[in-house]
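These notes are about the structure you will find just below.
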Amino acid sequence: MTTPDFTVSLMRGFCQDWLNRADPAACTAIMTDEYEVNIGGIVLPGLASYVPATMGQLEDFAGLSITVHELFTNGSEIALRFTEHGASIKAGGNQAAWRGIALFWTDSRRLIRNVTEEDYTSRRRQLSAAAPDEIESPAVAPWSTMPVSASAAAEQQVRDWLAGGGIADSPAGSLVFDEGIDSASILDVDSVEILDLFSAGPSVGFRIVETGRYLDGLGLPESTTGLPASLSSMGMVEVQSDGQITGHLIRDRAGLRRTLTRTAG
C-alpha cells in the first residue's frame, strides 16, 4: 500500500478534521502559528486571526461540509478545488453550495500560507432565493493523490497565456467560471498581474489580478459600465498535449461589485 504524501495528509486534515468537523484543535496539527490566509482580498495573519474568523462562518453554517473535486501537489505546494455547502442560520436555514479554489504552501511539515477565492456571489444568490445549486461530483480518491514534479514548461505556457489575454480568448467550453458560467466578459482587460503560480506536471494553479474597465455580468446599473476596475481570480488549469489550456476559475465578483458600487456613488 502506498503511503500518502504528507501534503495530501495535510489537505485531508484541513478538509475533514478542521472544516467538516469544525474542530479548531486540528489547526495546530496541520498549520504553523504564523499560517497566513488571504481570502477574497482579506488577509488573516496567523492562527490567532484565522481560526476565530473561520469559526464565525462555521457557526453560521452549522454542519458545513466541503467536497473536494480536484487536488494536485508537487510535494511542497498544493492546489485544491472544492465546494462548500450547508445551511445558514443567519439566512433562516436557507441552503447554499458555492465553489472555491485554494492554493497552499508548506514548510515540509505544516501549512504556512494559503490564498483562496470562494464564489460568494453565488452563495448570496442561493441564500436569497432559498434554492441551492447542485454539487459537482466529488473526486473519487483525492487522498490517494501522489505528488508530481513541477513543470517549468507548463508554468511558462500558462504565464504567456495569462499575459496574452488567454482567459477571454479561450474557446467556449474550455474554461468553467465560478458557478458554471461559461463567460469571461466582466472586464475589458488592459493588464494581468500574476501574483502566485505553481505547477504539478501539466497542472497549474495561479492567482491573478486583471485590470481594465467594467463591461457587464454583475447586474449593476448602466452608470458603472466603463469604470476602471480590478478583478482578482484564481485558477486550476491543465496544459493539454495539443497546447490548449482547460480548467476552472473562481473570480472575486463580490469584491468587484462592492468596489464598483462605491465608485459609482
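Yes/no per residue for (1) under 27 Å from residue 124 (Cα atoms); (2) of a type in the set (A, V, I, L, M); (3) part of a strand (DSSP E or B); (4) open to solvent by 20 Å² or more (accessible area, probe 1.4 Å):
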position	(1), (2), (3), (4)
179	yes, no, no, yes
188	yes, no, yes, yes
199	no, no, yes, no
204	no, yes, yes, no
219	yes, no, no, yes
Region 91-121: number of residues that are open to solvent by less than 10 Å² (accessible area, probe 1.4 Å) and modelled with pLDDT under 95: 0
Scan region 146-174 and report the pairs whose first residue is closer than 17 Å to residue 241 by Cα and small (Gly, Ala, Ser) and whose second residue is part of a loop (DSSP other than H, G, I, E, B) and modelled with pLDDT of 95 or more, with Cβ atoms within less than 6 Å and a gap of 6+ or a chain change. 150/74; 151/201; 154/202
If you check every pair at least six apart or on different chains, which have Cβ atoms under 7 Å apart with a residue in region 43-72 that is closer than 22 Å to residue 83 by Cβ first and a residue that is aromatic (Phe, Trp, Tyr) and at pLDDT 95 or above second? 44/50; 50/35; 66/82; 67/82; 68/82; 69/82
Can you find a residue in region 58-75 that is in contact with a Ser or Thr (Cβ under 7 Å, 6 or more places away or on another chain) and in a helix (DSSP H, G or I)? yes
I want to confirm something. Restricting to region 224-265 and keeping residues that are basic (Lys, Arg) and open to solvent by less than 40 Å² (accessible area, probe 1.4 Å), which single residue is nearest to residue 80 (Cα to Cα)? 251
Give me the pairs, please: first residue somewhere in region 220-235 and on the phi > 0 side of the Ramachandran plot, second residue anywhere and surrounded by 13 or more Cβ atoms within 10 Å (Cβ to Cβ), beta-carbon distance under 9 Å, and either six or more positions apart or on two chains. 226/188; 226/213; 226/214; 226/215
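The values are calculated or read from the model by the stated rules, or taken from the named source; none is laboratory data. Note that this is a predicted model, so its numbers are computed, not measured. Neighbour counts run over all protein chains shown; Cβ positions are idealised from the backbone, glycine included. Calculation scope for accessible area: heavy atoms of the full protein, side chains included, ligands and nucleic acids excluded. Shrake-Rupley method; radii C 1.70, N 1.55, O 1.52, S 1.80 Å.
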